[in-house]
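Every number in this text was worked out from the coordinates using simple rules, so none of it is lab data. Just so it is clear, the model here is predicted, and its values are computed rather than measured. Ideal geometry is used to build each Cβ from the backbone, glycine not excepted, and the neighbour counts take in all protein chains shown.
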Amino acid sequence: MERPGNLILKRNTVVVKIGTNLLADKTRGIDTGRIEAIAKSVSSLRGRGTDVAIVSSGAIGAGVAALGLKARPRTIPEKQATAAIGQPLLMEAYEHAFRKVNQPIAQLLLTRDDFSNRGRYVNARNTFAALFEKGVVPVINENDTVAVEEIKLGDNDNLSAMVATLVEAGMLLILSDVDGLYTAAPSADPRAELIRVVERITPQVERYARKKVSELSTGGMATKIQAAKLCVGSGITVVIANGRKPDVIESIFRGDVPGTIFLPSDTRLSTRKQWIGFVSHTRGSIVVDAGASAALLKKHKSLLPSGILEIRGEFRARDIVSIVGPDGRQIGKGICDYSSAELNKIKGKKSSEVEAVLHRKAPAEVVHRDNLAPFGE
C-alpha cells in the first residue's frame, strides 16, 4: 500500500471544505483571521501549481450574528433570509483576505439541480475548468436563498464531495472543529482513539460517526463519512482534520496528516459513471436476484430482464434507477432503457421473449453496463 503522505503530495486539484464553526460565531460573526490564514495556505498551494476550490459554510452563521439572533433559524424562509444577509458578508471577508495575497476568487452558488441535471452538471464542470485555467479559486456554497427542500443538498459536506467528483479532484480536505474520526466521542469517553487511516469504509467505521451538531452547523461526523464514501468510490482521497490547528493545510501537504485519511479505491469510475452513481437523482428501484447481482458486480455485465425480481416506484425510460440486491442492499445505479410499467411486464423473462410481450422492437439490456455504476465488489 502506498503511504498516505505520498497520496497527498500527488494531488493536482484539491477541494477544501470549511465548516461553519471555524468561520462564524453567532455573537462575533465572521472570523476574518481564520479566513486570512486559509487564504495564505491556499495561495501557497496555488504557487505549487495546485488548483484549489473552497466549499465554504458560514453564510447563515454570519447572518445570525448580523441580525443579532439568539439561535439558528429553523424554517426555510427564515434560513433563506438569513443566508441572503450573511452571504455577501462572507464573500466580502474572502475577497479582502485573498486580495492581500494577490489571489483572484470567484463565487459559485449551487443547488442539487446543478448536479442532478446532466446538462447543468456539464456546464458547471466547464465553468470550474475555465476558472482553474485562469488561476482563479472558486468559493462555493449552497444557494440557500432559493433552495427549497426538494432541491437542497442538505449540508456542505455533501456539497464538497459532489464538487470534488465534478472537478475530478485528487483530494477532498474537510476542515472542521474536530481532529478527525474517533472510535467514540472524546468528550464522553476518555478511551476514545483517533483513527489515523481508513482503508475501507465498513459498517463499523460508520458506527463510529456519532451525530453531534452544533447550534450553527447542519452536519456532523455522519455527513462527513457520507462524503468520504462518495469520494473514495470515485478514486478521491479524503482527509478530515482540525481547522483550528495552526498551518494545518501546510502540514497535510508536507505529508504529515494530523487527522483521519480515507484512502481511495483502486479503480476510478469515469466522470459519466461518477455522475450516475453518486450525483444523479433516482426515480425508482429494481430488485434483482443473486445471479444478476453477481453478474453486475463481479463480471461487469449488463442487467437483463431475466434477473429482475421486483420493480419499485414509477419511472420512465432513460430515468436513473437504483439497483438493489436480494438482501436489500443497493448495489448500483444506472440509466434504465425501460419504463417501470414495461418492466413489470417483462421481469423474469428471457431477452428473446421481450419483443413478443411488448409488441415492439426492444433492447436486450434493461441497464447497459456502459450506463451502470456498480457499488461494492
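A few points about this structure:
- Computed from Cα atoms alone, the Kirkwood hydrodynamic radius reported for the range 92-135 is 12.0 Å.
- Both numbers refer to the Cα atoms of the chain; Rg and Dmax are 22.2, 71 Å.
- Contact order for the range 266-318, expressed relative to its length and based on alpha carbon pairs under 8 Å spaced 6+ residues apart, stands at 40 percent.
- For Ile276, Ile201, order by how many other beta-carbon atoms lie within 10 Å, fewest first: Ile201, Ile276
- Alpha-carbon gyration tensor eigenvalues x 5, square-rooted, for the range 196-322, Å: 35, 18, 14
- Selection among Gly233, Phe262, Leu175 by position relative to the dipole of the chain gives Gly233 as farthest towards the positive end (Cβ unit charges, Cα centre).
- Take every Cα pair under 8 Å whose residues are at least 6 apart in sequence, average their separation, divide by the length of the chain, and the relative contact order is 15 percent.
- Calculated on the Cα set of the range 316-368, radius of gyration then Dmax: 11.5, 34 Å.
- DSSP beta bridge pairing in the range 4-269, given as percent antiparallel to the nearest 5: 20
- Order of Lys229, Lys70 under a 10 Å beta carbon neighbour criterion, fewest first: Lys70, Lys229
- Unit charges at the beta carbon, dipole of the chain: most positive-side option, Leu131, His359, Phe98: His359
- At least 24 Å along the helix axis (C-alpha) and Kyte average at least -0.5, DSSP helices within the chain: 76-100
- Descending by average beta-carbon neighbour count within 10 Å, the peptides 135-143, 320-328, 356-364 line up as 135-143, 320-328, 356-364, the highest first.
- Fraction of beta bridges assigned by DSSP in the range 258-331 that are antiparallel (%, nearest 5): 55
- Aspartates and glutamates with Cα under 15 Å of Lys333, excluding same-chain neighbours fewer than 8 positions away: Asp319, Glu365, Asp370, Glu377
- Cα centroid separation - the range 328-377 against the range 27-85, whole Å: 45
- Neighbourhood charge, 12 Å Cβ-Cβ cut-off, centred on Phe128 and excluding it, Lys, Arg +1 and Asp, Glu -1: -2
- Extending 7 Å from Cα along the Cβ direction at Ala184 and again at Leu67 yields two label points whose distance is 4.0 nm.
- The share of Cα pairs per 5 Å bin across the range 282-374, counted from zero up to the longest distance, runs 3, 16, 30, 28, 18, 5, 1 percent.
- Dividing the mean sequence gap of close Cα pairs (under 8 Å, 6+ apart) by how many residues the range 282-374 holds gives a relative contact order of 34 percent.
- Cα-centred dipole magnitude for the chain, charges only on beta-carbon of K, R (+1) and D, E (-1), debye, nearest 20: 400
- Cα gyration tensor shape for the range 37-142, rounded if a/c is under 1.5, else prolate or oblate: oblate
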